[in-house]
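All of the numbers you see were taken from the coordinates with simple rules; none came from a lab. All values reported here derive from a predicted model rather than from experimental measurement. For neighbour counting, all protein chains shown are included, and Cβ atoms are generated from backbone atoms with ideal geometry for every residue, glycine included.
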Amino acid sequence: MGQINVEKADEKIRGLYQAILKEFLLRNFMDLPYLNREDDMGKDNLRQAKMAYNPVFMIEKFIMKG
């Protein structure tokens with residue numbers, strides 16, 4: 001499984017996030033079956049963008065306290 005921690009692009013250029021992601025995956029994660037794009041940090045617009053990629057599954061998030 002691959003993992004992407006941060007994604008950044010110029011929001012003024014429509015489709016740039018998708019283009020960068022596609023190129024990055026083709027160059028780095030082409031043979032991996034899954035990619036972890038981390039959580040949406042509770043931001044609705046980020047959640048919608050990530051859900052648009054039709055995730056195969058999602059893992060429930062937990063908070064541990066000591």
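Structure summary
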quantity	calculated
Tally, over the range 1-22, of residues that are out of contact with any Leu (no Cβ under 8 Å at 6 or more places or on another chain) and of a type outside the set (Val, Ile, Thr)	12
Leu21 vs. criteria over 11 Å from the mean Cα position of the chain (by Cα), of a type in the set (A, V, I, L, M) and on the phi < 0 side of the Ramachandran plot	no
Where a residue in the range 25-44 is closer than 15 Å to Pro55 by Cα and its partner, wherever it lies, is part of a loop (DSSP other than H, G, I, E, B) and of a type in the set (Lys, Arg), with Cβ under 7 Å and at least six apart	Asp39/Lys61
Selection status of Glu7, on the phi > 0 side of the Ramachandran plot, surrounded by 11 or more Cβ atoms within 10 Å (Cβ to Cβ), in contact (Cβ under 8 Å) with a residue 12 or more places away in the chain and not in a helix (DSSP H, G or I)	no
Subset of the range 29-46 that is exposed (fewer than 11 other Cβ atoms within 10 Å of the Cβ) and more than 17 Å from Lys61 (Cα to Cα) - its residue that is farthest from the chain's Cα centre (by Cα)	Asp31
